[in-house]
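Below is one structure, written out as structure tokens; the observations come after it.
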Amino acid sequence: MTKVTSLRRTMKMKKHQKALLIAAALWVSTFLFSGFGTGAAYAATPAAVLQARSQMKQSSISELTNDTRVFKVDPKIEAKNVRFQNRYGFDIAGHLYLPKNFDAQKQYKAVVVSGPFGAVKEQSSGLYAQEMAKHGYVAVAFDPSMTGESGGTRRNMASPDIFVEDYSAAVDFISNLKFVNPDKVGAIGICGLSGMALTAAANDTRIKAVATSAMYDMSDSIRNHYQGDYYTPEQREKVKEHLAVMRDKEAKEGQAIPGSHELAVDAQGHVISHDTMFPDKLPADANSVVKGFYDYYVGRAYHPRSINSNTLAWDSTTPYGFFNFSLMEHIDEISPRPVLLITGEKAHSKYFADAAYAKLKAPKREIVVPGATHTDLYDQMDKIPFDDLVQFFDDALK
């Protein structure tokens, strides 16, 4: 046997051994994530297989090894960690949800989901994404820039522009998965991310349909306060002066200072701000709206990365962006793509959905859930009209 022949055989054996190792690794991964011991009768798809089916350069898919979701997780719905960059270079963190009996060689309809304002993907948006996956959709729930696990040197800062961009970045990611039909992508906005979802859809024609739940227009809510009649012109000037002081203080100290994203003004003209979203304990006379938020964020859906879960607050200069720029100026241009607005009969935020519905052109639909409050639509399965939501996207993304 010549030295060349021996070398070729050695190389061939090494290639064969490498192939066996890769196959074994994939088998072990499938075994580990197949629901062994849970009664699940499916084999999970290794993240490496999904990553190989992604066409977006600035993105990654990995296994969800540290699961901190706070809703009831369906073990038959696979979830993976994903990261992708938006147009401004922020790394966006998300969870990718796959339908039952997922086949990476097929193409599926898809939705991107975020919200509420100050929440994280482990809360309401993840629940919505999981439910859509149960009905055959590939779904991504994501943390907006500078919040949750998403990137940004400044933390807990909100921006109407950047948050709108995050929706389009999520579409960049999901529409470039080879197992997603790029012509069948929708968007869902919950609470304060609803205005961002609608604004994104107005100009991003890749979003073929958009739905909102428990809608809030954060530009209107922050700049004009509740129902647009909170601030007098004098009070608004006081708020602007407060923001100028906070911005100067942050510049001098070189660090972020927490504060309220919606600033109240008392009878003496003093601006009221807090360094956490809620007190440790609500007063006995707390109104039902505050109690609803508290019961969700601090109670049944507490998550340490959620700004609203009592241990954090927004950056004190957050209102600047919403004072400067309004959301939803051109949502009439979403037409002829369809829009669904879901709100509650008892939701204090219902007027936001009503106002958006009036501004939208057909095709449009508003669902008012009998007896539902604003936060009921975050996680109460008997109140959220998922059947209608799924049917809406089924029809829109045919």
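The values are calculated or read from the model by the stated rules, or taken from the named source; none is laboratory data. As the structure is a prediction and not an experimental result, all values here were calculated from the model. A quick note on method: Cβ atoms are made from the backbone with ideal geometry, for glycine too, and the neighbour counts reach across all protein chains shown. Only protein heavy atoms, including side chains, enter the accessible area calculation; ligands, DNA and RNA are left aside. Shrake-Rupley method; radii C 1.70, N 1.55, O 1.52, S 1.80 Å.
Values computed for the structure shown
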{"quantity": "Relative packing of peptides 248-254, 65-71 - highest average C-beta neighbours within 10 Å first", "calculated": "65-71, 248-254"}
{"quantity": "Average accessible surface area per residue within the chain, 1.4 Å rolling probe, Å²", "calculated": "46"}
{"quantity": "The chain: angle of helix 233-253 to the longest principal axis, Cα-based, in degrees nearest 10", "calculated": "50"}
{"quantity": "The stretch 181-280 - percent relative contact order, Cα under 8 Å, separation 6 or more", "calculated": "19"}
{"quantity": "Percent carbon-and-sulfur accessible area, the stretch 342-398, ignoring ligands, DNA and RNA, probe 1.4 Å", "calculated": "50"}
{"quantity": "Within-12-Å neighbourhood charge of Ser54 [Cβ basis; K, R +1; D, E -1]", "calculated": "+4"}
{"quantity": "Between helix 194-203 and the chain: long-axis angle, C-alpha atoms, 0 to 90°, nearest 10", "calculated": "70"}
{"quantity": "Percent of beta bridges antiparallel (DSSP, the chain, rounded to nearest 5)", "calculated": "45"}
{"quantity": "Ranking by accessible area, most exposed first, for Ile272, Ile207 with a 1.4 Å probe", "calculated": "Ile272, Ile207"}
{"quantity": "Kirkwood Rh in Å, taken over the stretch 36-179 so that all alpha-carbon pairs contribute", "calculated": "15.1"}
{"quantity": "Residue-count net charge about Lys291 - beta-carbon cut-off 15 Å; Lys, Arg +1, Asp, Glu -1", "calculated": "-1"}
{"quantity": "Surface share of carbon and sulfur [accessible, 1.4 angstrom probe, percent] for the stretch 239-306", "calculated": "54"}
{"quantity": "Gaussian network model of the chain, springs between alpha carbon atoms under 10 Å - residue of Leu193, Leu341, Leu263 with greatest fluctuation", "calculated": "Leu263"}
{"quantity": "Overall Cα dimensions of the chain, principal axis frame, Å, largest first", "calculated": "98, 50, 40"}
{"quantity": "Alpha-carbon centroid distance for the pair the stretch 79-135 / the stretch 216-267, whole angstrom", "calculated": "32"}
{"quantity": "Tensor-based shape of the stretch 296-398 (alpha-carbon gyration tensor, a/c under 1.5 rounded, otherwise prolate or oblate)", "calculated": "oblate"}
{"quantity": "Solvent exposure, largest accessible area first (probe 1.4 Å, DNA, RNA and ligands not counted), of Asp183, Asp166, Asp172", "calculated": "Asp183, Asp172, Asp166"}
{"quantity": "In degrees, nearest ten, helix 124-134 long axis to first principal axis of the chain (Cα)", "calculated": "40"}
{"quantity": "Neighbourhood charge, 14 Å Cβ-Cβ cut-off, centred on Glu241 and excluding it, Lys, Arg +1 and Asp, Glu -1", "calculated": "+2"}
